[in-house]
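Any read-out appearing in this document is the output of simple, stated calculations on the displayed coordinates, not a laboratory observation. Computed from a prediction, not measured in an experiment: that's the story for all the values here. Please note: Cβ atoms are built from the backbone with ideal geometry, for glycine as well, and neighbour counts cover all protein chains shown.
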């Protein structure tokens, strides 16, 4: 059996989720290759060469892949169909964007967002916003899978020197073109890889009040997140959103402030190791999943925490 | 310009779904069904494009059981001009649904296909991208803004680090994210009018597409539950526990 993992990166650095996806791949039996498509991404290749347990790196370097457009990535990944039995990618907006196209191209029913591998063809995945967990068995000869990265511990980078094979890009499809990108600039860690996350909900009352979280986050080296209610209310941008329709996080410490605990939100954070809930409503469902609950007005509790850190 | 809006009948988002007692599937007996919320956003966007004078016709389509006509009537009340039900007694997988939609698209030739990024039942987030691949057309997933200037379509997408803007060529598939718009409610006069709009039913067996299941669902269970922890009285107690018991802050 041979397994291809498609790397997520920004042409400079490998995204952390790639390492978790590789961990899932290594639970299958077979050689694991890492596919890196990009433009002038030597830094990414050098980083990937140090990863433990890789058979080889397949690299394609071309302007066509500079912005990771789904049509062109799917095209080149699917062109490797005959060489691999499994295609895995992280279940991020990157992986979700092109993997279904790969699956359609090789006529396979893709399996999205797996959280556990039970055997070569049987996996667990959440459905209904995490209300239920389905065990599914794929009967297709090839498997196309996206991996919920928080469910697998990352593989390590060491002193390995993984061989690199370079392949040529395919003809550009010219179906869509990149116009621009606005990426949130922050000195704080990324939500999905931070070891501490502090999130605010509707109880924050306004976007301005998020500075109360920012200050604590800076002291803890934490990332700041939000519930869908806070995003829908316009307090913060959507990339703050933790939940089934936002980001899935599993930090060592998750602090939920003014968040009631809708199932939608719980689906995005309940695998955190330690959960703290601060809410003035003692009946809020968030307390049912919290390791430590504090019934308090957040406008008193947050400044007090801030002053005592 | 013609817009095709695939929609899906799903459990209402307020329903807490549980497994059947024998764990073979989720329990959908006597639960409220609705149009998938992301599909409502797609339909709303189509209606706004038409209201702005950029489209002539909106066709709502679903692939599902006969009772999905209910959701198509809702779509007609919200502004679709006509509707198509591709009837199947079995619930189909995303790839099979994409193949059905590709076949109907080849007959209808829409300029834009607007659909939800995912359905809130299977949470697969696959059908739109698969359809785009089967049709060999461009895609913009997770749309938070769609602008049309003549033949040029610009779509802003929600991506993990922020926003990305793509220019796509028609025909194209756009899948919708939450913040694209806030769907309207159907008015009573529009609900009445919707009853008279055209709704065509085609059996999936007439399309000559292999829709055989590729994936078996072996079981459906509740996720492992987290044990409730302790309530603390003060911020000092909380910080003490985090420092000395959980050891997650210093």
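At 222 nm, what helix-only mean residue ellipticity would chain A give, in deg cm²/dmol to the nearest 500, using -39500 (n - 2.57) for each DSSP H run of four or more?
-6500 deg cm²/dmol
Counting only other chains, what is the mean number of Cβ atoms within 10 angstrom of the Cβ of each residue in peptide A:91-100?
6
What value, in deg cm²/dmol to 500, does the helix sum -39500 (n - 2.57) over DSSP H runs of n ≥ 4 give at 222 nm once divided by the residues of chain B? Intermediate values should be presented prior to the final figure.
Values: 6 runs with 62 residues, N = 250.
Calculated from helices alone, the mean residue ellipticity at 222 nm is -7500 deg cm²/dmol.
Can you give the FRET efficiency for residue B:54 and residue A:1, using 1/(1 + (r/R0)^6), R0 = 56 Å, r = Cβ-Cβ distance, to the nearest 0.05? Can you show the working numbers first?
Values: r = 50 Å, r/R0 = 0.89.
About 0.65, to the nearest 0.05.
How far apart, in nm, are two points set 7 Å out from the Cα along the Cα-to-Cβ line at residue B:70 and at residue B:217?
With each label point 7 Å from Cα toward Cβ, the separation is 1.8 nm.
For the stretch B:1-118, what mean projected area does the convex hull of the alpha carbons give, in nm²?
Taking the Cα atoms of the stretch B:1-118, their convex hull projects to 7.6 nm² on average.
Say R0 is 41 Å: what FRET efficiency, to the nearest 0.05, do residue A:282 and residue A:219 get from their beta-carbon distance?
About 0.90, to the nearest 0.05.
Can you tell which of A:32, A:179, A:60 shows the greatest fluctuation in a Gaussian network model of chain A with Cα springs below 10 Å?
Its mean-square fluctuation being the largest, the pick is A:179.
Taking each residue of B:4-13 in turn, how many C-beta atoms of other protein chains fall within 10 Å of its C-beta, and what is the average?
Mean inter-chain Cβ contacts per residue within 10 Å come to 1.
Averaged across A:292-298, how many Cβ atoms of other chains sit within 10 Å of each residue's Cβ atom?
On the way: counts 11, 6, 8, 3, 5, 0, 0.
That average works out to 5.
Kindly put A:273, A:96, A:49, B:195 in sequence by how many other C-beta atoms sit within 10 Å of each C-beta, fewest to most.
Values: A:273 13, A:96 25, A:49 17, B:195 10.
Ordered from fewest to most neighbouring Cβ atoms within 10 Å, A:273, A:96, A:49, B:195 come out as B:195, A:273, A:49, A:96.
Could you sort the peptides B:144-155, A:19-30 by per-residue average Cβ neighbour count (10 Å cutoff), highest mean leading?
Packing order, densest peptide first, comes out as A:19-30, B:144-155.
Calculated FRET efficiency, residue A:205 and residue A:63, Cβ-Cβ r, R0 51 Å, to nearest 0.05?
The value I calculate is 0.60.
Can you sort A:119, A:199, A:82 so the residue with the fewest Cβ neighbours within 10 Å comes first?
Values: A:119 10, A:199 31, A:82 7.
The fewest-first ordering by Cβ neighbours comes to A:82, A:119, A:199.
Can you tell which of A:111, A:133, A:36 shows the greatest fluctuation in a Gaussian network model of chain A with Cα springs below 10 Å?
Highest fluctuation among the options: A:133.
For the pair residue B:15 and residue A:156, how long in nm is the line joining their label points, each one 7 Å along Cα→Cβ?
Taking the simple label geometry, residue B:15 and residue A:156 are separated by 4.9 nm.
Antiparallel versus total DSSP beta bridges in the stretch B:1-160: what percent is that, nearest 5?
About 45 percent, rounded to the nearest 5.
If you project the alpha carbons of chain B onto their three principal axes, what span does each projection cover, largest first, in Å?
Sorted largest first, the three principal extents are 66, 46, 40 Å.
Which residues does a label at residue A:141 reach in the stretch B:189-228, if reach means a backbone N under 17 Å from a point 7 Å past the Cα toward the Cβ?
B:214-215
Order by neighbour count: A:132, B:39, fewest other Cβ atoms within 10 Å first, most last.
The fewest-first ordering by Cβ neighbours comes to A:132, B:39.
Have a look at A:70, A:226, A:134 and tell me which one the Gaussian network model of chain A (Cα, springs below 10 Å) gives the largest fluctuation.
Highest fluctuation among the options: A:134.
With every atom except the alpha carbons ignored, what do you get for Rg and Dmax of the stretch B:161-250, in angstroms?
26.8, 69
Using 0.36 nm per residue, how much length does the chain from residue B:228 to residue B:90 gain when fully extended, once their Cα-Cα distance is taken away?
45.7 nm
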